[in-house]
1. Of (1) assigned to a loop (DSSP other than H, G, I, E, B); (2) open to solvent by 90 Å² or more (accessible area, probe 1.4 Å), R37 satisfies all except one. Which?
2. Sort through K88, K45, K106 and tell me the only one that's touching a Leu at 6+ places or on another chain (Cβ under 8 Å) and either farther than 14 Å from A117 by Cβ or without any contact (Cβ under 8 Å) to a residue 24 or more places away in the chain (or both).
3. Please tell me if A29 is of a type outside the set (V, I, T) and part of a helix (DSSP H, G or I).
4. Scan the stretch 71-87 for residues that are of a type outside the set (G, A, S) and surrounded by 14 or more Cβ atoms within 10 Å (Cβ to Cβ) and jot them down.
5. Among the numbered criteria (1) buried (at least 18 other Cβ atoms within 10 Å of the Cβ); (2) at pLDDT below 95; (3) of a type outside the set (S, T, N, Q), which single criterion is violated by E91?
6. List the strands (runs of 3 or more DSSP E) inside the stretch 49-118, counting only whole elements, that have at least 3 residues being over 21 Å from V2 (Cα atoms).
7. Can L39 be described as touching a helix residue (DSSP H, G or I) at 6+ places or on another chain (Cβ under 6 Å) and in contact (Cβ under 8 Å) with a residue 24 or more places away in the chain?
8. Quick check: anything in the stretch 7-18 open to solvent by 40 Å² or more (accessible area, probe 1.4 Å), part of a strand (DSSP E or B) and not polar (S, T, N, Q)?
Amino acid sequence: RVVLVDQDREAQGLCRLNTDALGFASQVAILAQPVARALETLGKKGEKFELVFADPPYAARVVPTVLEALAASAVVSPGGTVVVEHDKREEAPEAHAGFTREDQRKFGDTLVSFYRAP
């Protein structure tokens, strides 16, 4: 099961087209709302995820904020992985909000930081 969160209508449409084309539409939920509200909703429902991928706008420089929101919502399963894509100029903390950075990969101007939940 996959939950995608995006408030942009065009992105939502592309997600739906892709899931339909791949034959996974019945296994994918798309939440059309801001990430903070989606995390609150998922947390209240007791949803847990082993893998979370976050791709915030690069200019926002919000890796710590993303980790704090995930910790507050408690949606990451114990020992789960959080993958945050961000600008190479953004310093991603080694540890934050209970998450520990285990790896980091560079792809051009992009860094991908891998965090483990406690």
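The values are calculated or read from the model by the stated rules, or taken from the named source; none is laboratory data. On a predicted model such as this, the values are computed, not experimentally measured, just so you know. Backbone-built Cβ (ideal geometry, glycine too); neighbour counts: all protein chains shown. Ligands, DNA and RNA are excluded from the accessible area calculation, which covers all protein heavy atoms including side chains. Shrake-Rupley method; radii C 1.70, N 1.55, O 1.52, S 1.80 Å.
1. Looking at each condition in turn, R37 falls short on (1).
2. Being touching a Leu at 6+ places or on another chain (Cβ under 8 Å) and either farther than 14 Å from A117 by Cβ or without any contact (Cβ under 8 Å) to a residue 24 or more places away in the chain (or both) holds for just one of K88, K45, K106, which is K88.
3. no
4. V75, V76, T81, V82, V83, V84, E85, H86, D87
5. (1)
6. Passing ranges, in order: 99-107.
7. Against the criterion (touching a helix residue (DSSP H, G or I) at 6+ places or on another chain (Cβ under 6 Å) and in contact (Cβ under 8 Å) with a residue 24 or more places away in the chain), L39 qualifies.
8. no
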